[in-house]
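K.L.:
Dropping a structure here in structure tokens format, bear with me for questions.
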Amino acid sequence: MKEETLKETVRLQFETIHLFHKNFAKTLHPIRNSQYNLKKNQNKAILIIGAAENIMPTTLGKYLDLQKGSLTSMIDALEKAELVCRKKDPEDRRKTLLVLTGKGKKYREWLTGEFEKNASEIFKKLGKEDLSEYRKGLQTMFNILKKLDETS
């Protein structure tokens, strides 16, 4: 019984990921009227760094599923655009943290607004009850993923 449940869970997880990307990936694509013309992973990095306030590059790489070389190039580009800066961890000077600059914070605020507008257009296709169920399901998924993250 448990093996069948695991198989079904894995199948459902991947089908959900595919449908999520089909419906929402376009909200993460480069935004045309941006002054920075960032790529999708760069925009994701801005969102992640801003949500964390500061983050180690290796942790960011895990969130984005990027290899070290690609990650370093991306961080260098964001630093060159003056959106991100590297700083030493005050608790452990051997560690480097990434933080958003003032420009990075402003860009993240603008970017979040653009994503909200784009996602709102998609959500308008749902009725009030479906939207409420979707939000509840996301909250449940988030809570479970957070538990998994804390145990790894």
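Readers should treat all values here as calculations from the given coordinates under stated rules, not as data from a laboratory. The shown structure was predicted, so the numbers you read here are calculated from the model rather than taken from an experiment. Here the Cβ is made from the backbone with ideal geometry for all residues, glycine too, and neighbour counts use every protein chain on show.
K.L.:
Please work out how much length the chain gains when fully extended from residue 62 to residue 118, using 0.36 nm per residue of separation minus the C-alpha to C-alpha distance, in nm with one decimal.
P.N.:
Separation in residues times 0.36 nm, less the Cα-Cα distance, equals 17.5 nm.
K.L.:
With a Förster radius of 22 Å, plug the Cβ-Cβ distance of residue 130 and residue 26 into 1/(1 + (r/R0)^6) and report the FRET value to the nearest 0.05.
P.N.:
0.65
K.L.:
How long is the gain from residue 5 to residue 106 if the chain were fully straight, where each residue apart is worth 0.36 nm and the alpha carbon distance is subtracted?
P.N.:
31.8 nm
K.L.:
Between 136, 124, 88, where does the largest GNM mean-square fluctuation fall for the chain, given springs only between Cα atoms within less than 10 Å?
P.N.:
Its mean-square fluctuation being the largest, the pick is 136.
K.L.:
Taking a 27 Å limit on the Cα-Cα distance, which of the listed pairs 26/136; 103/124; 2/146; 44/136; 68/103; 26/88 fall beyond it?
P.N.:
Result: 103/124; 26/88 exceed 27 Å.
K.L.:
Using a Förster distance of 41 Å, how high is the FRET efficiency between residue 70 and residue 150, based on the Cβ-Cβ distance and rounded to 0.05?
P.N.:
According to the calculation, E is roughly 0.90.
K.L.:
Which ordering of 56, 74 is given by a fewest-first count of other beta-carbon atoms within 10 Å?
P.N.:
56, 74
K.L.:
What FRET efficiency would be calculated for the residue pair residue 39, residue 92, taking the C-beta separation as r and a Förster radius of 41 Å, to the nearest 0.05?
P.N.:
It comes out at approximately 0.85.
K.L.:
While we're looking at this one, here's another question. Could you check the spin-label model distance between residue 140 and residue 14? Points 7 Å from the Cα along Cα→Cβ, value in nm.
P.N.:
2.3 nm
K.L.:
Give me 134, 36, 107 ranked fewest to most by other Cβ atoms within 10 Å of their Cβ, as a rough exposure proxy.
P.N.:
Placing the least packed residue first, the sequence is 134, 36, 107.
K.L.:
Which entry in [x] 10.7; [y] 11.6; [z] 15.2 matches mean projected area of the Cα convex hull in nm² derived from the coordinates of this structure?
P.N.:
[y]
K.L.:
How would 55, 144, 75 line up from fewest to most surrounding beta-carbon atoms within 10 angstrom?
P.N.:
144, 55, 75
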